[in-house]
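A.B. asks: Before I ask anything, here is the structure I am working with.
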Amino acid sequence: MSQFDLNGKIALVTGASYGIGYAIAAGLAKSGATIVFNDINQDLVDKGIAAYAADGIKAHGYVADVTNEDQINALVKQIEAEVGVIDILVNNAGIIKRIPMHEMSAAEFRQVIDIDLNGPFICSKAVIPSMIKKGSGKIINICSMMSELGRETVSAYAAAKGGLKMLTKNIASEYGEYNIQCNGLGPGYIATPQTAPLREIQADGSRHPFDQFIIAKTPAARWGNAEDLVGPAVFLASKASDFVNGHVLYVDGGILAYIGKQPK
Ligand code: NAP
Ligand code: GCO
């Protein structure tokens, strides 16, 4: 059996009705995993189930807010009863607020930290006991370029994703002895609804200045698409990465390696 085969494995991908989470879940399914996902409301879950079905995937969808510990604990129990013990957790659910820090309220800052950092803590804490009992588990935290770099207007997001990198290393450290591997997946700039405002065509028909900036900063000279993340996610979810732990695998087209193209 291939080291990348996920047959017999159950994967929970949070916030996976669309976007990166959807692509990763669909990719894990194509490698044999049974897909379970949650999202913030029934409408999104229903749309997600329909999208998976259109792709030939029978996904199990549940409404649960990753910031709500009672909901997540109940979700994990329901999944274990209805589907089975979770082998793979992908902490994907996340938001961003692009606001200059001196204009950002503490409540806005806390909301981003709550979803992007507390959420992965709550979800990981909920699945680890059964992974320990089972004698194996994979936790994949969706990090970011902002796990390594800052930029204007994303202070809360960078703080959360920087913290998520260290939470990844700490889970790897604390639970490696139980054959649980926890790694990060760090997408570069990916064309999803979350980054749509950064790619809007300008009134004069030109590309958004940030769009042009990212093209100049990326050796691959393109935005990533969610499908670019599938192979790396299957690797981190499979036996092939059983001795990879506490690592953040950046899938960024080379941004972190590159000073950027000289402006013309
Ligand atoms: P997205 O299109 O905004 O999708 C995020 C998903 O998470 C949505 O379905 C969203 O539901 C859900 N969600 C939000 N809050 C939630 C909560 N409290 N509980 C459960 N689900 C919740 O984002 P994306 O671009 O696919 O990004 C997915 C992940 O990748 C995020 O962690 C993001 O930070 C990270 N990332 C994205 C990029 C990029 O360039 N796109 C790059 C690096 C990392 P709603 O529709 O209700 O918001
Ligand atoms: C931004 C973008 C980034 C991407 C991603 C990069 O405003 O700079 O939204 O934060 O979402 O996290 O890896």
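A.B. asks: Say we join alpha carbon atoms closer than 10 Å with springs in a Gaussian network model of the chain; which of Ser105, Ser144, Ser124 then has the biggest fluctuation?
C.D. replies: Among Ser105, Ser144, Ser124, the largest GNM mean-square fluctuation belongs to Ser105.
A.B. asks: Specify the angular offset, from 0 to 90 degrees and rounded to the nearest 10, of the alpha carbon long axis of helix 42-54 from the longest principal axis of the alpha carbons in the chain.
C.D. replies: With rounding to tens, the tilt is 80 degrees.
A.B. asks: Straight-line reach only, C-alpha to C-alpha below 24 angstrom: list the lysines that Lys169 could link to, leaving out same-chain residues fewer than 8 apart.
C.D. replies: Within the straight-line cut-off, Lys169 pairs with Lys9, Lys125, Lys133, Lys134, Lys138, Lys161, Lys239.
A.B. asks: Now for a separate question. As an exercise, identify the GluC sites (Glu not before Pro) in segment 107-197 lying in DSSP coil whose Cβ has no more than 11 other Cβ atoms within 10 Å.
C.D. replies: Working: sites: Glu108, Glu148, Glu152, Glu174, Glu177; in loops: Glu148, Glu152.
Counting only loop positions with at most 11 other Cβ atoms within 10 Å, the GluC sites (Glu not before Pro) in segment 107-197 are Glu152.
A.B. asks: Further question on the same structure: Express the relative contact order of the chain as a whole percentage, based on alpha carbon pairs under 8 Å and six or more residues apart in sequence. Can you show the working numbers first?
C.D. replies: Values: 523 pairs, mean separation 51.8, N = 264.
In percent, rounded to a whole number, it is 20.
A.B. asks: For the chain, set up a GNM with springs between Cα atoms under 10 Å and report which of Pro219, Pro120, Pro187 has the largest fluctuation.
C.D. replies: Comparing Pro219, Pro120, Pro187 in a Gaussian network model of the chain, the most mobile one is Pro219.
A.B. asks: What chymotrypsin sites (Phe, Trp or Tyr not before Pro) in segment 181-264 are in a loop by DSSP, with at most 13 other Cβ atoms within 10 Å of the Cβ?
C.D. replies: Numbers: sites: Tyr189, Phe210, Phe213, Trp223, Phe235, Phe243, Tyr250, Tyr258; in loops: Tyr189, Trp223, Phe243, Tyr258.
Hits after loop and neighbour filter: Phe243.
A.B. asks: Using Cα positions and a limit of under 16 Å, work out the lysines in reach of Lys47, with same-chain residues fewer than 8 apart set aside.
C.D. replies: Lys58
A.B. asks: Over segment 118-264, calculate the relative contact order: mean separation of alpha carbon pairs under 8 Å at least 6 apart, over the residue count, as a percent. Present the calculation step by step, with values, prior to reporting the outcome.
C.D. replies: Details: 217 pairs, mean separation 41.6, N = 147.
In percent, rounded to a whole number, it is 28.
A.B. asks: At what distance in angstrom do the alpha carbon centres of segment 42-78 and segment 111-149 lie from each other?
C.D. replies: Between the Cα centre of segment 42-78 and that of segment 111-149, the gap is 17 Å.
A.B. asks: Residue farthest toward the positive end of the dipole of segment 65-139, with Cβ of Lys/Arg at +1 and Asp/Glu at -1: which of Met131, Val112, Ala93?
C.D. replies: Met131
A.B. asks: Can you give the local net charge around Ile115? Use residues other than it whose beta-carbon is closer than 14 angstrom to its beta-carbon, Lys and Arg +1, Asp and Glu -1.
C.D. replies: Working: positive: Lys97, Arg110, Lys161; negative: Asp39, Asp65, Glu69, Glu108, Asp114, Asp116.
Taking every Cβ under 14 Å from that of Ile115, the sum is -3.
A.B. asks: Normalising by the residue count of segment 64-154, find the relative contact order in percent from Cα pairs under 8 Å and 6+ residues apart.
C.D. replies: Details: 92 pairs, mean separation 39.2, N = 91.
Taking the mean separation of contacting Cα pairs over the length of segment 64-154, I get 43 percent.
A.B. asks: In addition: How many nm separate the modelled label positions at Gln78 and Thr153, each set 7 Å beyond the Cα in the direction of the Cβ?
C.D. replies: According to this spin-label approximation, the distance is 3.6 nm.
A.B. asks: Hey, another quick one. Apply the a/c threshold of 1.5 to the C-alpha gyration tensor of segment 65-175 and tell me whether it is rounded, prolate or oblate. Provide the component values of the computation, followed by the final result.
C.D. replies: Numbers: a/c = 3.10, a/b = 1.86, b/c = 1.67.
Verdict is prolate for segment 65-175.
A.B. asks: Using a 1.4 angstrom probe on heavy atoms only, work out the carbon and sulfur share of the accessible area of segment 166-264 in %. Could you put the intermediate results ahead of the total?
C.D. replies: On the way: 3030 of 5290 Å².
Exposed carbon and sulfur together represent 57 percent of the surface.
The values are calculated or read from the model by the stated rules, or taken from the named source; none is laboratory data. Since the model is a prediction, treat every value here as computed from it, not as a measurement. Methodologically, a virtual Cβ is constructed for each residue, glycine included, from the backbone with ideal geometry; neighbour enumeration extends over all protein chains shown. Protein only, heavy atoms only, side chains kept; ligands, DNA and RNA dropped before computing areas. Shrake-Rupley method; radii C 1.70, N 1.55, O 1.52, S 1.80 Å.
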